[in-house]
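Read through the structure below, which is laid out as structure tokens, and then see the notes.
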């Protein structure tokens, strides 16, 4: 099972994981890292490393972070750069995490990163535009 | 038609739960069965909207569900059946659809109902329907999400 670390500005990561467990159930092999105001990127690297110690990442590890190029992304990059079996996906949202939870036992790291991106993007929809294009099929 | 999974959840398809269950049960179609919802255009529209990509969803009446199950045209359907209550499940079973197990996911609390777990509340009509399903040898298990341990529903309604 691929390990997951969610890293975000503020407590968003912890709350995202709480919300994920509402949908998915109990989460294992997952950690949340928060980046608080006034913290340094070095400090954040240490927090990621501490989170890594709580996780079994023998099958790989994926960091899910909020902003591409933000401090959580940059700090995770410094760790992931040293290991082949780590990847980082930015733009984390609830559908993305749920999809990662569903698929991380059966997918390889590269495929899981692709799935995560697709799940995140596919979750963005407009009610109005779907409604206008919807056709109903009868059984 | 193959029966992949049967679930009672009064929210029917919602959030990512459908995605999680779809993956877990390896279905390729979702059929939500409810006379009430089939007649409600807005609820129907929403259900069809939120079905996961690649999975065709239908909202049908009880009669239509029984008819579709028996229609050889749908032989390649691996169906996740969704219901809002056990009385509807019983009607479909009595119509000849051979469910072996029913997952009870969510039946929200309303006045006059008894809460038997955090996510499941039942009234007299529900209890009667569950008992009849149990007498037919159908497994009744409570789980909100796939990774929860199965809770035997009958043991929770014994004293009701």
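Worth pointing out:
- Taking residues in the stretch A:106-130 that are within 13 Å of chain B (Cβ to nearest Cβ), and partners anywhere that are in a loop (DSSP other than H, G, I, E, B), the pairs with Cβ atoms closer than 6 Å and at least 6 places apart or on different chains are A:120/A:91; A:120/A:93.
- Restricting attention to the stretch B:118-160, the residues that are more than 22 Å from residue B:91 (Cβ to Cβ) and within 14 Å of another protein chain (Cβ to nearest Cβ) add up to 11.
- Of residues in the stretch B:1-27 being modelled with pLDDT of 95 or more and farther than 21 Å from residue B:150 by Cβ, the one surrounded by the fewest Cβ atoms within 10 Å (Cβ to Cβ): B:2
- On inspection, residue B:112 fails the criterion of being away from chain A (no Cβ under 14 Å), exposed (fewer than 14 other Cβ atoms within 10 Å of the Cβ) and touching a helix residue (DSSP H, G or I) at 6+ places or on another chain (Cβ under 7 Å).
- Entirely in the stretch A:54-139, the helices (runs of 4 or more DSSP H) that have 2 or more residues that are within 14 Å of the chain's Cα centre (by Cα): A:71-80, A:94-103, A:109-122
- Filtering the stretch A:1-23 to residues that are within 12 Å of another protein chain (Cβ to nearest Cβ), surrounded by fewer than 22 Cβ atoms within 10 Å (Cβ to Cβ) and within 14 Å of the chain's Cα centre (by Cα) leaves A:19, A:21.
- Scan of the stretch B:28-50 for residues that are surrounded by fewer than 20 Cβ atoms within 10 Å (Cβ to Cβ) and closer than 20 Å to residue B:145 by Cα, ordered by number: B:28, B:50
- Listed here are the helices (runs of 4 or more DSSP H) enclosed by the stretch B:1-104 that have at least 1 residues being touching a strand residue (DSSP E or B) at 6+ places or on another chain (Cβ under 7 Å), more than 11 Å from chain A (Cβ to nearest Cβ) and in contact (Cβ under 8 Å) with a residue 40 or more places away in the chain: B:17-25, B:35-38, B:86-94.
- Applying the set (1) farther than 30 Å from residue B:45 by Cα; (2) exposed (fewer than 14 other Cβ atoms within 10 Å of the Cβ) to residue A:125 leaves exactly one unmet item: (1).
- Test result for residue B:146, part of a loop (DSSP other than H, G, I, E, B), surrounded by 14 or more Cβ atoms within 10 Å (Cβ to Cβ) and in contact (Cβ under 8 Å) with a residue 12 or more places away in the chain: yes
- The residues of the stretch A:24-44 that are in contact with a helix residue (DSSP H, G or I) (Cβ under 8 Å, 6 or more places away or on another chain) and within 23 Å of residue A:96 (Cβ to Cβ), listed by number, are A:24, A:27, A:30, A:31, A:32, A:33, A:34, A:35, A:44.
- Filtered residues of the stretch A:24-44 (kept if within 14 Å of chain B (Cβ to nearest Cβ) and in contact with a strand residue (DSSP E or B) (Cβ under 9 Å, 6 or more places away or on another chain)): A:27, A:29, A:30
The values are calculated or read from the model by the stated rules, or taken from the named source; none is laboratory data. Model, not experiment: these values are computed from the prediction. Neighbour counts run over all protein chains shown; Cβ positions are idealised from the backbone, glycine included.
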